[in-house]
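Each reported figure results from applying straightforward, stated rules to the coordinates on display, with no laboratory input. As the structure is a prediction and not an experimental result, all values here were calculated from the model. Virtual Cβ from ideal backbone geometry, glycine too; neighbours counted across all protein chains shown.
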Amino acid sequence: MVMTAGDACADTSPTLLGDHIDRQLRRLCRAVGLEGFQDLHAGLMREILGPAVTGAVDVTPAWESQISDDHTPVEFSISFD
């Protein structure tokens, strides 16, 4: 069984990859105190992903990605000293 981004966040499942990544990144920014930079980082992420942001996340991916647990091309990580 392949878990999709839609399965991972069933209650807030967006249609487009860009929307899904945007929500994750904004929550991460808030969690680490970077609320004032949410728009900047979200815009950069959309630019980096290019046309991939328009892909649907609520369908089974064409291949299983080993990058993230929901098979999207993005995995966020933070570390603390």
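Do any GluC sites (Glu not before Pro) in region 27-81 lie in a DSSP loop with no more than 15 other beta carbon atoms within 10 Å, and if so, which?
When the GluC sites (Glu not before Pro) of region 27-81 are filtered for loop state and at most 15 Cβ neighbours within 10 Å, Glu64, Glu75 remain.
What ranking of Asp81, Asp69 emerges when the number of other C-beta atoms within 10 Å of each C-beta is taken as an exposure proxy, fewest first?
Listed from fewest to most nearby Cβ atoms, that is Asp81, Asp69.
Could you give me the ³J(HN,Hα) list for region 44-49, computed from phi with Karplus coefficients 6.51, -1.76, 1.60 and θ = phi - 60°, whole Hz, x at Gly and Pro?
With coefficients 6.51, -1.76 and 1.60, one gets 5, 5, 4, 5, 5, 6 Hz.
Evaluate the distance, in nm, between pseudo-label points positioned 7 Å from the Cα of Thr15 and of Gln38 along their respective Cα→Cβ axes.
In this crude label model, Thr15 to Gln38 measures out at 2.2 nm.
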